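**Q** To start, I am sharing the structure in question, which I have written as structure tokens.
Read-outs: derived from the displayed coordinates by stated rules, not from any lab. Quick caveat: nothing in here was measured; it's all calculated off a predicted structure. FYI the Cβ positions are ideal-geometry reconstructions off the backbone, even for glycines, and counts take in every protein chain you see.
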């Protein structure tokens, strides 16, 4: 764990905790995954082996190469089929330090109904809109890239690259019939965004029957995002304390 | 427990755990039941005595004959009134190794509203559609078999056989005003399908107000089903670990 | 506890457990109450003092007279303002052995929207319809009895009697802007009906957007009710075991 | 803690518990805050430092001046950006003894959909209407005060004063795209109102598809509010006992 190319213990611990937080918050179930860019080598990232996020321990974390999306060490444990989501986004977006892929329950309806848009409607979710995505996240239609008979999985470098192109410079990309992928400048920010993407989606679903929805202006979205990212430690500390307590660890 | 015709201890344990998993996941409440085909005698299956699934222990499991739907041993404890759901499906479908019957809360609306169809809308639920059931599961209307004054229960071999005919070669059958029945090639697969039938139903209910729903194509449904069945161990291990911990057992 | 007019310890224990079950099942919150008719004196009933159901212990149970709705013993602890719901129903309905009053969350919409009917749509809730209430429970409009400026509480013998008249020979009565009252031939049956009134209400709310709702026929409702009452011990044993475990008691 | 200007230990303890109750009841998540007016100096109020309410301990409580919205002691810990919500309401409303600000999930849709009104529809939420707010709470549109590019936060005395003006003599004010603020004549009453504002909002959202909603008359709203405030200790004792048990404290 202490050779020069190893990621820091703090980063490993944070990634394990992030797996449990996302499960505890209902953002992933037995499926979904979260990665973080290596803190001593920008060409690598850390991701659990193929398993349910709520069971991940430090020994389950594997180093992957950004370039290939394959494990760095020989003879690695079985990986997630969709690890290319992570590798291709890290490749296309040097600013991204963490990636969450999930089947978030209130977000999925926006990946199912034609023409639906997930605009930010509350100040905690400004990151969904703003100058980078004025109408909310784009939808990745895998039929355009893999045809009408695919298994919907982003299971190759090519499909990962196509997803990264749809993400563009924004922070969230919806995936038709599948879920979404969320990025952040840090692990706490990516987890924060994954949770509040779900919160905002629930709000839109509940607000629809009441009348025309009043979304944040792009300027409001940008302003709230900047303010809230300065507060991302607040939920992170709460959530991390909760999952560490559930695992019998010191907070 | 060790005479030649006994089911393996592993199968018994797995069936007990499946009862608890289905309760813990909210798929059954005090009602509903899960069975597994005997692993040393294809003409038998295992099912708990008449009790809430969340309270089942190994001593509560009873062997039933596929042919009659009656307990093998003399003087058995009281059985479920609807054990014929299980026996007649095992009879009609040699490929089926496990059966779940439930009143799954988000699935029931599709058993109540005339003309509603439960099409697969996310890649975890491809088993609902595909070549075997292009428009999603069929609805079993018990009025067609038991008249308009029945207690809605599948409480005879004849009604069980009628239900099995409506199921046909598919994996899920809806039951009007009642619930659904889900089958699988193994216990983990049947439990997986029962859980994700509920997940998919919730998604459709939430997506409806957003606009026209974009279901998986039959080809996508088949492809995702094949891929996901290769991953069925992932949720099974998570869920089993959870319910064993709740019961104070070693994971 | 052993003088001839005392209720049995078993009944007291069951009433304490029923309070906790209704709280644990989300049927009551800090408000709502459940009573049982005295098992050695049909002119009395047992009800907790004014407190949250989830905190009730045996020492909190008070004997009330059916005739007056007042406590039997002198200098009693503060009672529920709406104890007359219980006394007047026991007076009007000798067949009723237990009464639950609650603000059940999915039932309340049917007490708020003009013209809404809570018909039974699943076989667990046949008691809502049948020959005694073909279109589902009636709505008690307190404005008809207390005017348009009341506090909506059934806080007198007169209002209790009016509510009992609206209940008539049925099993559930809705109360406008307030909640519902559920009766049973035993405590387990009344608790069962309170829980499945909520379940059925959720189902109707979820099924509405899918299309025209197919309710049970009155004959189906009667038949399912009779069958399910023979199964009322199953949930009761599960629920009771759960709340006793939560309180650190032997199941 | 015992110098003359200190708040009582009882008040401090109650405020800590109120933070945990609001988290446990789902009214705040990692964001939101609750304050209480100092019980020995009406020109001060108590509020936690900038942190998640569910983690607050007595040592985290800070005294603020009503006049400035700034901490009384020099070199205070980082405060909530929106502490001016509290200070300006205490200034404008001498009758108010406690203030809750939150992003209550079912209330937010009423802060998002144009023209939606949150009228009281059940007797537990009469405080939402009545003579002081006949059509339910007013909506504070921050664009009218901070322009169309703000971060939506009430982060100055001026914005706090504008919010207090929109609140007027009522008990709840909605905040566009943001949440709500609830006041009370005591801490238990403010917490009660925050919880039942959420309950009432859920009811309206669920009742809408059933037909025209029948709200309480203003006279019913006033009458139920007066009655229920006499019962506010009942939920407060239940909720406080629950969160103290969760923290391992004596109830």
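**Q** For each of A:144, C:17, count neighbouring Cβ atoms within 10 Å of the residue's Cβ, then give the residues from fewest to most. Each step should come with its number before you reach the end.
**A** On the way: A:144 10, C:17 23.
Ascending number of Cβ neighbours within 10 Å: A:144, C:17.
**Q** Per residue, how big is the convex hull around the C-alpha atoms of the stretch B:75-127? Give it to me in cubic angstrom, could you?
**A** Per residue, the Cα convex hull of the stretch B:75-127 comes to 150 Å³.
**Q** Could I ask something else about it? With the label 7 angstrom out along Cα to Cβ, how close does residue C:41 come to the same site in each of the other copies, in nm, nearest first?
**A** Between copies, matching label points for residue C:41 lie 5.9, 5.9, 8.3 nm apart.
**Q** In nm, one decimal, shortest first: how far is the label point of residue D:237 (7 Å from Cα along Cα to beta carbon) from the matching points in the other copies?
**A** 3.6, 3.6, 5.0
**Q** Cα-Cα pairs above 15 Å in the stretch C:5-98: how many percent?
**A** The proportion of pairs with Cα distances above 15 Å equals 55 percent.
**Q** Under 10 Å, Cα contacts only: if you run a Gaussian network model on chain D, which one of D:223, D:116, D:52 comes out with the highest mean-square fluctuation?
**A** D:116
**Q** Under Stokes-Einstein, with the Kirkwood radius over Cα pairs standing in for Rh, what whole-number D in µm²/s applies to the stretch D:118-251 at 25 °C and 0.890 mPa s?
**A** Details: Rh = 16.2 Å.
Here the translational diffusion coefficient equals 151 µm²/s.
**Q** What residue in chain D has the Cβ closest to the axis turning D into B, and how close is it in whole Å?
**A** Here the nearest residue and distance are D:209, 5.
**Q** Counting each DSSP H run of 4 or more residues in chain C as -39500 (n - 2.57), what helix-only mean residue ellipticity at 222 nm follows after dividing by all residues, to the nearest 500 deg cm²/dmol?
**A** After summing the helix terms and dividing by the residues of chain C, the value is -11000 deg cm²/dmol.
**Q** State, to one decimal in nm, how far the label point of residue C:95 lies from the label point of residue B:249, with both points 7 Å from Cα in the Cβ direction.
**A** 4.4 nm
**Q** Points 7 angstrom from Cα along the Cβ direction at residue B:39 and residue D:24: gap in nanometres?
**A** My value for the distance between the label points is 4.4 nm.
**Q** Sticking with this structure for a sec: If you take every DSSP beta bridge fully contained in the protein assembly as shown, what fraction is antiparallel? Give it as a percent rounded to 5.
**A** For the protein assembly as shown, the DSSP antiparallel bridge percentage is about 90.
**Q** Output needed: percent of Cα pairs per 10 Å distance bin for the stretch D:33-161, bins running from 0 to the one holding the longest distance.
**A** With 10 Å bins starting at 0, P(r) equals 11, 36, 36, 16, 1.
**Q** What nm distance separates the two modelled labels at residue D:165 and residue D:59, each placed 7 Å from Cα along Cα→Cβ?
**A** 4.3 nm
**Q** I'd like the Kirkwood hydrodynamic radius of the stretch A:170-237, using the inverse of the mean 1/r over distinct C-alpha pairs, in Å. Please list the in-between numbers first.
**A** On the way: mean 1/r = 0.0745 Å⁻¹.
That comes to 13.4 Å for the stretch A:170-237.
**Q** Rounding to the nearest 10 and keeping the result within 0 to 90°, find how far the Cα-based axis of helix D:9-24 lies from the longest principal axis of chain D.
**A** Approximately 40 degrees, to the nearest ten.
**Q** Stokes-Einstein at 25 °C, 0.890 mPa s, Kirkwood radius from Cα pairs: D for the stretch D:201-251 in µm² s⁻¹? Display every interim value, and only then the final one.
**A** Values: Rh = 13.9 Å.
Using the Kirkwood radius from Cα pairs, D works out to 176 µm²/s.
**Q** Remind me, relative contact order of the stretch D:79-172 in percent, using alpha carbon pairs under 8 angstrom and six or more residues apart? Before the final figure, lay out the partial values.
**A** Working: 87 pairs, mean separation 38.7, N = 94.
Computed over the stretch D:79-172, the figure is 41 percent.
**Q** Still on this model: Taking the 0 to 90 degree range and rounding to the nearest ten, how far is the long axis of helix B:218-229 tilted relative to the main principal axis of chain B, both from C-alpha atoms?
**A** So the helix axis and the longest Cα principal axis differ by about 30 degrees.
**Q** How large is the Kirkwood hydrodynamic radius of chain A, counting all unique pairs of alpha carbons, in Å?
**A** When all Cα pairs of chain A are included, the Kirkwood radius is 18.2 Å.
**Q** If you don't mind, there's one more thing I want to ask. Of the residues D:31, D:192, D:84, which exhibits the maximal mean-square fluctuation in a Gaussian network model of chain D defined by a 10 Å Cα contact cut-off?
**A** D:31
**Q** Pulled fully out, how much extra length does the chain show between residue C:144 and residue C:213, if you take 0.36 nm times their separation in residues and subtract their Cα-Cα distance?
**A** Here the answer is 21.8 nm.
**Q** What gaps in nm, shortest first, separate residue C:208 from its twins in the other copies when you place the label 7 Å past Cα toward the beta carbon?
**A** 1.1, 1.1, 1.5
**Q** Specify the angular offset, from 0 to 90 degrees and rounded to the nearest 10, of the alpha carbon long axis of helix D:83-92 from the longest principal axis of the alpha carbons in chain D.
**A** Helix D:83-92 sits at roughly 80 degrees to that axis.
**Q** Considering only DSSP beta bridges whose two residues both sit in the stretch D:90-215, what percent are antiparallel, to the nearest 5? Mind showing how you got there, number by number?
**A** On the way: 9 of 12 bridges.
Counting DSSP beta bridges with both partners in the stretch D:90-215, the antiparallel share is about 75 percent.
**Q** Please provide three numbers in whole Å: the alpha-carbon extents of the protein assembly as shown along the principal axes, with the largest listed first.
**A** Taking the Cα atoms of the protein assembly as shown, the three principal extents are 78, 78, 47 Å.
**Q** Between the stretch C:184-216 and the stretch C:64-83, what is the separation of their alpha carbon centroids in Å?
**A** 32 Å
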